[in-house]
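Okay, so here's the structure we're looking at.
The values are calculated or read from the model by the stated rules, or taken from the named source; none is laboratory data. No experiment lies behind these values; they were computed from the predicted model shown. No Cβ is skipped: glycine too gets one built from the backbone with ideal geometry, and neighbour counts run over all protein chains shown. These area figures cover heavy atoms from the full protein model, side chains too; ligands, DNA and RNA do not enter into them. Shrake-Rupley method; radii C 1.70, N 1.55, O 1.52, S 1.80 Å.
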Amino acid sequence: MRKFSVLIAGGGSTYTPGIVMMLLENQDKFPISKLKFYDNDPERQDIIAKACEIIIKEKAPEIDFLATTDPEAAFTDVDFVMAHIRVGKYKMRELDEKIPLQHGVVGQETCGPGGIAYGMRSISGVLELVDYMERYSPNAWMLNYSNPAAIVAEATRRLRPNSKILNICDMPVAIESRLVEALGLQSRKDMNVRYYGLNHFGWWTDIRDNEGNDLMPQLKKYVAENGYAVEGSADNQHVDPSWDVTYRKAKDLYALDPETLPNTYLKYYYYPDYVVEHSDKNFTRANEVMAGRETQVFTACRQIVSNQTMEGSELEVDEHATYIVDLARALAYNTYERMLLIVENNGAIRNFDHTAMVEIPCLVGANGPEPLVMGDIPQFQKGLMEQQVSVEKLVVEAWIEHSYQKLWQAMTLSRTVPSAKVAKELLDDLIEANKEYWPELN
């Protein structure tokens, strides 16, 4: 079986150790000859890289390892780039969340004004990675899970239309894993799903087991009572108190359309007043992550380096990231795995914008994804999606054209923002906060 050279772009991310451990556990399915890290923050990457080098030596010493800040060294001779970057790090995420809350608007990483601000920062960072890959390894695939995925996907569609980049998200995987637990099944691969929407903005319409039995009635009954909360869940990623609230809130999302099962992120669009009312303006999700996951992962990595072994470490395999291996295997071995991906609509949803980047099931082989036709969608979802995809397209147009007007329009169009007046005040504050990262608007 051929072995692959893999680059993790965003080597200093707190998710990197879990992904490395997941890749090592799947060597029988997706063998690796070389693993590289790339990051533009050498100090941050160094801590993660030193720990991961020890983990690799203990678990798979035959794998060559390199951590670098040099794009040529990083991107040369790789088969896959797994990209998860955060332009501005958690310092800017904190502002993405707190500035909107100061205006009485949802403060969230990928939704509403915070997501728009993050998107304006992320576009240049992801395009830079794509350009490095095409320059140094033109036959490689980029598996991009950098947020906000919807805006990034629209930007790559517009600006790098021929690039071998697939934009993916693990949130549906996480929810499906909870549905599996609620049903008492072994794996999400025991289910076949139909799903449509935009990233962080979608609905399951049909879920069946591998024998074709309809699981939706049982799941709808469960979600109506519990949301996606599952006692004793094996989910080790979404464990903070805010996530428990989010999973339980899904029962209220379901109540609005009991014909489908909703993505949890829809709470920011269905119930923005509830979200703002229950948000702590001084301690947001960014603070929760910095005090929790950020501290825990870096502490664990320093302990591994100090002890020169991962024995006794609290680092955990990122189980949700197994979809990355599934995707890489599908591309490498032409497996035609059925996966949810963010792809150009092009008629898959018949009564929706053909150029929209939608999240739908695809069959993935060596030539990339083949989207499955979802047919026509109901007016309720269509209306919501048309508004949201217009926000995403306007953000990308604003970035390309350096247009203040279009970014103001995008803010105004977001369901999370109550008026054009609030949108303008918010935008002006976000411009000031992001002047090091955004293009200058005119």
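Accessible area ranking (1.4 Å probe, heavy atoms, ligands and nucleic acids excluded), largest first, for Ile123, Ile431: Ile431, Ile123.
Which pairs in the list Lys34/Lys189; Lys189/Lys251; Lys36/Lys251; Lys50/Lys281 are over 32 Å apart, alpha-carbon to alpha-carbon?
Values: Lys34/Lys189 29 Å; Lys189/Lys251 24 Å; Lys36/Lys251 42 Å; Lys50/Lys281 36 Å.
Where the Cα-Cα span goes over 32 Å, the pairs concerned are Lys36/Lys251; Lys50/Lys281.
Less than 15 Å Cβ to Cβ from Gln381, Lys/Arg counted +1 and Asp/Glu -1: what total charge do the surrounding residues give?
Working: positive: Arg194, Arg350, Lys382, Arg415; negative: Asp206, Asp257, Glu259, Asp353, Glu359, Asp376, Glu386.
Around Gln381, the charge tally is -3.
Here the label points at Asn226 and Asn307, each 7 Å from Cα along the C-beta direction, are separated by 3.4 nm in the simple model. In a reduced charge model with +1 at each Lys and Arg Cβ and -1 at each Asp and Glu Cβ, the stretch 3-161 shows a dipole moment near 360 debye about its Cα centre.
In plain terms, the chain from Glu432 to Lys29 could stretch by 140.3 nm, reckoned as 0.36 nm per residue minus the Cα-Cα distance.
Please state the relative contact order of the stretch 169-305 as a whole percent: Cα pairs under 8 Å, 6+ residues apart? Write down the numbers at each step before the final one.
Values: 138 pairs, mean separation 28.3, N = 137.
Worked out over the stretch 169-305, it gives 21 percent.
First measure r as the distance between the Cβ atoms of Asp376 and Gln218, then evaluate 1/(1 + (r/R0)^6) with R0 = 22 Å and state the FRET efficiency to the nearest 0.05.
Working: r = 26 Å, r/R0 = 1.20.
Between Asp376 and Gln218 the formula returns 0.25.
For the chain, the membrane-span-like helix rule (DSSP H, alpha carbon extent of at least 30 Å along the helix axis, mean Kyte-Doolittle at least -0.5) picks out 112-136, 379-401; this says nothing about an actual membrane.
Helical content alone sets the calculated 222 nm signal of the chain at -15000 deg cm²/dmol, taking -39,500 (n - 2.57) per DSSP H segment of four or more residues and averaging over every residue.
With the crude spin-label approximation of a point 7 Å out along Cα→Cβ, what separation in nm comes out for Ala420 versus Leu185? Calculated label separation equals 4.8 nm.
Determine the dipole magnitude for the chain: charges of +1 sit on the beta-carbon of Lys and Arg, -1 on that of Asp and Glu, nothing else is charged, the reference point is the Cα centre, and the result goes in debye to the nearest 20. If you can, show how the numbers build up before the last one.
On the way: 45 positive and 65 negative charges, 104 e Å.
Value, rounded to 20: 500 debye.
GNM remark for the chain: springs join alpha carbons under 10 Å apart, and the peak mean-square fluctuation among Glu62, Glu397, Glu97 falls on Glu62. Of the solvent-accessible surface of the chain, computed with a 1.4 Å probe and all protein chains present, 46% belongs to carbon and sulfur.
Considering only Pro61, Val106, Phe75, and ranking their Cα positions along the charge dipole of the stretch 49-167 that arises from unit charges at the beta-carbon of Lys, Arg, Asp and Glu, the one farthest toward the positive end is Val106. The slack between Asn40 and Thr76, meaning 0.36 nm per residue of separation minus the straight C-alpha distance, is 11.3 nm. Taking every alpha-carbon pair under 8 Å whose residues sit at least 6 apart, the stretch 59-158 reaches a relative contact order of 35 percent.
Can you check what the net charge comes to around Glu109, using other residues whose Cβ is under 11 Å from the Cβ of Glu109 (Lys, Arg +1; Asp, Glu -1)?
On the way: positive: Arg86, Arg93, Arg285; negative: Glu94, Asp96, Glu97.
Local charge sum for Glu109: 0.
The gain in end-to-end length when the Arg248 to Glu440 segment is fully stretched comes to 65.0 nm, 0.36 nm per residue minus the alpha carbon separation. GNM remark for the chain: springs join alpha carbons under 10 Å apart, and the peak mean-square fluctuation among Leu35, Leu23, Leu315 falls on Leu315.
Largest GNM mean-square fluctuation across Gln218, Gln388, Gln108, computed for the chain with C-alpha springs under 10 Å, falls on Gln218.
Where Lys and Arg each count +1 and Asp and Glu each count -1, what net charge lies around Ala49 among other residues with Cβ under 13 Å from its Cβ? Local net charge: 0.
Could you work out the relative contact order of the chain, using alpha carbon pairs under 8 angstrom and six or more residues apart, expressed as a whole percent?
18 percent
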